[in-house]
Amino acid sequence: MNIIRYRYPQSDFSFAFDSLASMHEELDRVFESTFGSGFRPLGTLTRWTPALDVYQDKDQFTVVAEVPGMKKEEIDISLHGDTLTISGERKSHEKQGDQAFRAERFFGRFQRSLPLPSAVDTEKVKATYKDGILEVVLPKAEEAKPKQIEVSLS
Amino acid sequence: MNIIPKQQNEPGRRSDERPRQVQYLTPLVDIESKEEGYVIRAEMPGVAKEGLEIMVDNGELVIVGHRRNFKYPGELAYREIKQHDFRRVYELDPAIDTSKITAQIDQGLLTLTLPKAEKVKPRKISVE
């Protein structure tokens, strides 16, 4: 018989993200009823909120964020305890005298914080920025990886 | 009589082939208008040079960006990113010289420069 042990009771990632996901759902519902579908949640109307995806396997978390049109020096990634924060600032191209015929893109600061459900090895976190997509790979700390414990017959 | 719903036809396909139903995302775009012309900046994260299709046809500019396919290790735990490709169509100002349109893409941001045609210099016409 194999017993698999996890560090935290809630090893299931969806638990940590339930609050984020349910907030999105709730906001979607509120806005759908008042403005119709396709409307962005309130915070994102005036502020830049890059979209992100999170993947996990037994060894690591991969956080993927869409932040096009930036230089990698303009993006900050920090880890405080188990919370990952991705932030940065994008400056506008506009100069005096230029007429903005149409302006849809967001500028200025953005910040997304993500609580991770298990410990990560801070030393081994790697990030790459390609085609406007930021990929942050966070290897899980050894204690956080699922372990198999052999039961022996005495 | 057959009623065929209008669908997005992919370029290069014969019109009698059944077009595939494709869903596209509309990229966020900034358009600057200057005296010399226009500058269009379109955000298409995940799109590289190879994935870009830009066409000008009959005064219409069609921008399509195909995302490169991602495969990350493990399972998806949380999703916000929409995986669709991008598409946007614009009617061009007739003053634009379409032969001089240039495009470049960097970190998912496409910059299109559309210069207006140079004014033709006054020409003296000799009388025979």
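Values quoted throughout were computed directly from the atomic coordinates according to the rules given, and no laboratory measurement underlies them. Owing to the predicted nature of the structure, the values given are computational and were not obtained by experimental measurement. Please note: Cβ atoms are built from the backbone with ideal geometry, for glycine as well, and neighbour counts cover all protein chains shown.
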- [ ] Starting from residues that are assigned to a strand (DSSP E or B) and among the β-branched types (Val, Ile, Thr), keep the ones in the stretch A:45-69 and report whichever is farthest from the other protein chains (Cβ to nearest Cβ).
- [x] A:63
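Which members of the stretch A:119-128 meet the condition of being in contact with an Asp or Glu (Cβ under 8 Å, 6 or more places away or on another chain) and either away from chain B (no Cβ under 13 Å) or crowded, with 21+ Cβ neighbours inside 10 Å (or both)? Lay out the reasoning, then the answer.
Initial filter on the stretch A:119-128 (in contact with an Asp or Glu (Cβ under 8 Å, 6 or more places away or on another chain)): A:119-121, A:127-128.
Once the filter is applied, which keeps residues that are in contact with an Asp or Glu (Cβ under 8 Å, 6 or more places away or on another chain) and either away from chain B (no Cβ under 13 Å) or crowded, with 21+ Cβ neighbours inside 10 Å (or both), the stretch A:119-128 yields A:119, A:120, A:121, A:127.
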Task: Residue satisfying condition, being surrounded by fewer than 20 Cβ atoms within 10 Å (Cβ to Cβ), in a strand (DSSP E or B), of a type in the set (A, V, I, L, M) and over 19 Å from the mean Cα position of the chain (by Cα), within set A:77, A:149 - done: A:149
TODO: Name every residue in the stretch B:65-80 that is more than 30 Å from residue B:103 (Cα to Cα) and of a type in the set (Asp, Glu), in order of residue number.
DONE: B:75
- [ ] Read through the list (1) closer than 26 Å to residue A:59 by Cα; (2) in a loop (DSSP other than H, G, I, E, B), then give the number of the only condition that residue A:136 fails.
- [x] (2)
